[in-house]
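The next block holds one structure in the form of structure tokens; read it before the comments.
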Amino acid sequence: MRILVTGGAGYIGSHTVRMLENVAEQVVVYDNLSKGHRQAVQSSAFVQGDLFDSPLLAQTIRSQRIDAVVHFAAFSLVGESMEKPNLYYRNNVQGTLNLLDVMLENGVDKLVFSSTAAVYGEPACVPITEDTAKDPTNVYGRTKLIMEQAMADYAAACGLKFTALRYFNACGAHPAGDIGEDHCPESHLIPLILQTCLGKRDSIKIFGDDYPTKDGTCIRDYIHVDDLAQAHVLALQALYRGSASPVYNLGNGCGFTVKEVIAAAEAVTGRSIRKEIVARRAGDPAVLIASAEKIRRELGWKPEYRDIQSIIQTAWQWHQTHPEGFSS
Ligand code: UDP
């Protein structure tokens, strides 16, 4: 396997690169560093480039004899996507279409694509299977769903072979402690909680406690970033074996409320956390829990991190040693 990883300097990308290095003949990271961190890529080849730079993309694919792509490079903040839809359609849709053109023009027909639970919107029931109705409630989810549909059309017409992986809530950090989550600005629950534990924030704001859940706060399915990374390796291997173009959910299959996540972080860190109840965040569904039975059955995927405390423990190790993220 000779793999190009777009967005490989980002959070899920860098953990996947680390895992691919154990199984692939060559791994090349292609990232414009608009969100990613150069320090997150240590051993693999690195090209600083943009999805819209077709000549550089083509030259990288040819010179490195790439035969498959794992495509992470995208914008992924729900709130921002509602305020700046142009950025999301341009980067996530147009950028990916550009990548597909360059790949196919250069004889690369295999792609693993980062998708999201946001394609489902507010599901009628949980757990969510891949067949659950797709009705995104935000622009980010729509850009990912549009690309899933476009790739299916390319598969039918142009021989593209792709796998779309719909992530639920990615979290945790590499057990080696040297790569982890570092977004600017940070908007994700677990990093914000841990930054509060470190005294970098006064309190954690809970976005609504009047949802129809056991304690009134939103329920999410938290999945460790290394378990996500493992799924990419399995998906690639299946594409090389000639699998059709499947779509898979990636989650643990169990849900935790925001309050339960905070309590778990208090147990892991031994620190108490100041909480503040604030208004709901627009576009947040009450409950998102995955059924990942399909990828377990078809590819033998088995998440290693099954309980929320062990996931938070890996994140806590990263945040304690990197309080300023990669610039620590
Ligand atoms: N959340 C919260 N306070 C925060 C950030 C997030 O209460 O400061 C809640 C959010 O409403 C959601 C859950 O935590 O129910 C996970 O949010 P996150 O942004 O981490 O991931 P998302 O579910 O948006 O992908």
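Worth a mention:
- Candidate set from region 258-303 (those that are of a type outside the set (A, V, I, L, M), more than 20 Å from the chain's Cα centre (by Cα) and near the ligand (Cβ under 10 Å from one of its atoms)); member that is nearest to Lys134 (Cα to Cα): Arg281
- Among the residues listed as Val126, Val29, the single one being of a type in the set (A, V, I, L, M, F, W, C) and closer than 25 Å to Leu288 by Cα: Val126
- Residue match in region 218-231 (condition: without any contact (Cβ under 8 Å) to a residue 12 or more places away in the chain, more than 12 Å from the ligand (Cβ to nearest atom) and of a type in the set (Gly, Ala, Ser)): no
- So Ala267, is it small (Gly, Ala, Ser) and closer than 21 Å to Tyr167 by Cβ: no
- From the options Ser44, Ser54, residue that is modelled with pLDDT under 95, open to solvent by less than 60 Å² (accessible area, probe 1.4 Å) and of a type outside the set (Val, Ile, Thr): Ser44
- Residue match in region 67-77 (condition: buried (at least 16 other Cβ atoms within 10 Å of the Cβ), under 12 Å from Phe52 (Cβ atoms) and of a type in the set (Gly, Ala, Ser)): yes
- Test for Ser63: is it without any contact (Cβ under 8 Å) to a residue 12 or more places away in the chain, among the hydroxyl-bearing types (Ser, Thr, Tyr) and more than 28 Å from Pro285 (Cα to Cα): yes
- The number of residues in region 170-204 that are in contact (Cβ under 8 Å) with a residue 60 or more places away in the chain, out of contact with any helix residue (DSSP H, G or I) (no Cβ under 8 Å at 6 or more places or on another chain) and either within 8 Å of the ligand (Cβ to nearest atom) or open to solvent by less than 20 Å² (accessible area, probe 1.4 Å) (or both) comes to 1.
- Any hit, region 213-221, residues being of a type in the set (Gly, Ala, Ser) and closer than 23 Å to Ala244 by Cα: no
- The single condition among (1) touching a residue at least 12 places away in the same chain (Cβ under 8 Å); (2) surrounded by fewer than 24 Cβ atoms within 10 Å (Cβ to Cβ) that Asp31 does not meet is (2).
- Residue list for region 301-322, filter: open to solvent by 50 Å² or more (accessible area, probe 1.4 Å), touching a residue at least 24 places away in the same chain (Cβ under 8 Å) and either part of a loop (DSSP other than H, G, I, E, B) or among the small types (Gly, Ala, Ser) (or both): Glu304, Arg306
- Residue that is least open to solvent (accessible area, probe 1.4 Å) [pool: residues in region 154-169 that are in a loop (DSSP other than H, G, I, E, B) and more than 15 Å from the ligand (Cβ to nearest atom)]: Leu160
- Unique residue being part of a helix (DSSP H, G or I) and either of a type in the set (D, E, K, R) or farther than 16 Å from Arg297 by Cα (or both) when the list is Ala235, Ala267, Ala231: Ala267
- Given (1) more than 16 Å from the ligand (Cβ to nearest atom); (2) modelled with pLDDT under 95, index of the condition Val112 fails: (2)
- Unique residue being over 20 Å from Gln149 (Cα atoms) and of a type in the set (S, T, N, Q) when the list is Ser43, Ser76, Ser81: Ser43
- Output for region 206-216, where each listed residue is more than 7 Å from the ligand (Cβ to nearest atom) and among the β-branched types (Val, Ile, Thr): Thr213
- The number of residues in region 127-152 being assigned to a loop (DSSP other than H, G, I, E, B) and more than 14 Å from the ligand (Cβ to nearest atom) comes to 8.
The values are calculated or read from the model by the stated rules, or taken from the named source; none is laboratory data. All values derive from a computational prediction rather than experimental measurement. Methodologically, a virtual Cβ is constructed for each residue, glycine included, from the backbone with ideal geometry; neighbour enumeration extends over all protein chains shown. These area figures cover heavy atoms from the full protein model, side chains too; ligands, DNA and RNA do not enter into them. Shrake-Rupley method; radii C 1.70, N 1.55, O 1.52, S 1.80 Å.
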